[in-house]
Every structure is written in C-alpha cells, then in structure tokens.
1. Given the options Lys83, Lys25, Lys70, which has the most mean-square fluctuation in a GNM of the chain, springs set between C-alpha atoms less than 10 angstrom apart?
2. Accessible area per residue, 1.4 Å probe, Å², for segment 179-237: what's the number?
3. What is the percent carbon and sulfur in the accessible area of the chain, measuring with a 1.4 Å probe over the protein chains and ignoring ligands?
4. When the Kirkwood hydrodynamic radius is evaluated over all pairs of different C-alpha atoms of the chain, what value in angstrom, to one decimal, is obtained?
5. Quick one: accessible area per residue over segment 57-151, 1.4 Å probe, rounded to a whole number of Å²?
6. Would you work out if segment 151-268 is rounded, prolate or oblate? Take a ≥ b ≥ c from the square roots of the eigenvalues of the alpha-carbon gyration tensor; rounded if a/c is under 1.5, else prolate when a/b is larger than b/c, oblate otherwise.
7. Which net charge results for the neighbourhood of His250, defined as the other residues with beta-carbon distances under 13 angstrom from its beta-carbon, given Lys and Arg at +1 and Asp and Glu at -1?
8. Among Arg218, Arg132, Arg77, which one shows the highest mean-square fluctuation when the chain is modelled as a Gaussian network with alpha-carbon springs under 10 Å?
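The values are calculated or read from the model by the stated rules, or taken from the named source; none is laboratory data. Computed from a predicted model, the values in this text were never measured in an experiment. Positions of Cβ are generated from backbone atoms using ideal geometry, with glycine treated the same way; all protein chains shown enter the neighbour counts. Remember, those area values only see protein heavy atoms, side chains included, never the ligands or the DNA or RNA. Shrake-Rupley method; radii C 1.70, N 1.55, O 1.52, S 1.80 Å.
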Amino acid sequence: MRAGAFGAALAALVLVGCSSGGPGKDVAAVVGGETITIAELDRELAISGVAKAADPAARKAALDEIVLRKLLAKAARAQGLDKSPDALQAKRIADESFNANLERIATIAKAPKPTPDEVKAFIASRPEQFARRTGYLIDQLQVPQAHTPDMVAAFLPTKTLEEAEAVLKARQMPYRRVVLPMDTLRTDPRLSAAVAKVPTGEPFVLPGADSFTINRIRGSQVQPLTGPQAEAVAREMIHAERINKALKDHIDALRREQVVYGPAFANETKAAAPST
C-alpha cells in the first residue's frame, strides 16, 4: 500500500472531524467525506450479532472496524488495486455469494413449521430416536482406507474385536482404536435398528466413502425421550428436514432450467451434485 494514499485518507478523516461545528448527533464518524451514521452503525451491530450492542465499548470497537475498513478500501481504490482481473473476480465472487445467501435465507423462510399432529406422528414413527432412544458406548477401530470385498470376507469369521484387530495387523493395515458414544436420537434410524440387532461384544463393520470402522458395543442404556422435550426436538428435526428439502428442490429446479455444461463437464451432470 502506498503511504501517501493511506495518509491522505486518514488526514481527511481528521480534518473533517475537526472542522467547524463538527458532525451532527446522528453522525458516528466521517471518513474522507463519507458519513457513517448512527443508524448505519446500529444496523452493522445487528447484522454482526454483537451481544452487547448498547455497550459503549462495543459500539466504539465496531465503529473503529468500520472506519478502518473504509480507510483501507479508499486507499486501495486510490491505487487502482480494485481494477485488476483477480480483484474484479474476487469482488464478483463476494457479490454472488452474498446474493446466493440471501436466496438461501428466503427459501428457508418458506419452509413450513410442523403442526402438533405432525410432531406426534413423527415421534411415533421413530421409536429408536424417542420411545426406545438408546445410548451406546462403542469400541471402534478406525481404518483410513476404503473397504474391499476381500477385506469384508476376512472380517466375517471374526467373533471379537481383538480377532478383527489381529486381521488388521496381519495385513499391516493402519488403524486407530478409540471409544465413542452413540446416541440413537441423532443417528440414522436405519443404522440404529441394525445396531440394536448386533449381540453385545460381537464386531460389526460400518463402511464409509474412503474409510471404514470395525465396532463393538461395550455397553448400552435405554434413555427414552418423551413429553415436551421430545416434541421440541421432533419439531426441530422436522423443520430441518423441510429446510434441506426446500433448498435441494429449489436449487435442483434452478439447475435444470438454467445450467448447460461444456463438453469437459457434460458427463458429470449424471452424477448427483451437492445442492447447498
């Protein structure tokens, strides 16, 4: 940054601040002739989510951040730094990201909240998460590589986690042993139902995209979730599902209507792309 440009912007702030009469009561500061009003400061505090927006120290700190941002922005513009191809693309990305987030927020706001009857039906349809909610303590061997059919076949005869660990050692496969809790409230009900059928102490394999785990249930305890607490959790879960679906449906529709891929990426359109 050129010192002259920054110094000129800073001098402009000082000179205006010391001018005859000074800023009015609705003005927080003036930076190089650009006014920052109290209302603008309040909006920035609200957008930033400052906990103590009325605290003088917090307000002064926020104002200083705005002043610094404007000083540096003016200095950059004075040097033409905002006109380079990289800067223009970065500005476009920031603008598009901001507008995209506005569209996400607007779409989320349209997702309907569940009715009391829908909440009750949801709770009844997911006993593993509510009436039969269970907390597990699981011994786990984490293997950082994709599983293959021959690996699965090698683990099938094992009856203990120690036997499965011996297979890993024999194959010289790296792994990490940990103990983790599992709460069926926040677990896919299909996985919870499958885990419930596994005899205590017997190992089972859970595959991942590029890794897999070998697990053993060390212990479990049924912890039913009922009443108002269950309803509050169910309401949150239903709304979250509706938000995710609304976003996915909206973005998929926009993609179908407007996106045409070039030859290098045409084949990729058949793969599921992340929507959000």
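1. With Cα springs under 10 Å in the chain, the top fluctuation among Lys83, Lys25, Lys70 is at Lys25.
2. About 58 Å² of surface per residue is accessible.
3. With neighbouring chains kept in place, the figure for the chain is 59 percent.
4. Values: mean 1/r = 0.0394 Å⁻¹.
Radius from the Kirkwood sum: 25.4 Å.
5. Result: 62 Å² of accessible area for each residue.
6. Because a/c hits 1.5 or more and a/b fails to exceed b/c, segment 151-268 counts as oblate.
7. On the way: positive: Arg104, Lys110, Arg242, Lys245, Lys248, Arg255, Arg256; negative: Glu103, Asp249, Asp252, Glu257.
Residues close to His250 contribute a combined charge of +3.
8. Between Arg218, Arg132, Arg77, it is Arg77 that shows the largest mean-square fluctuation.
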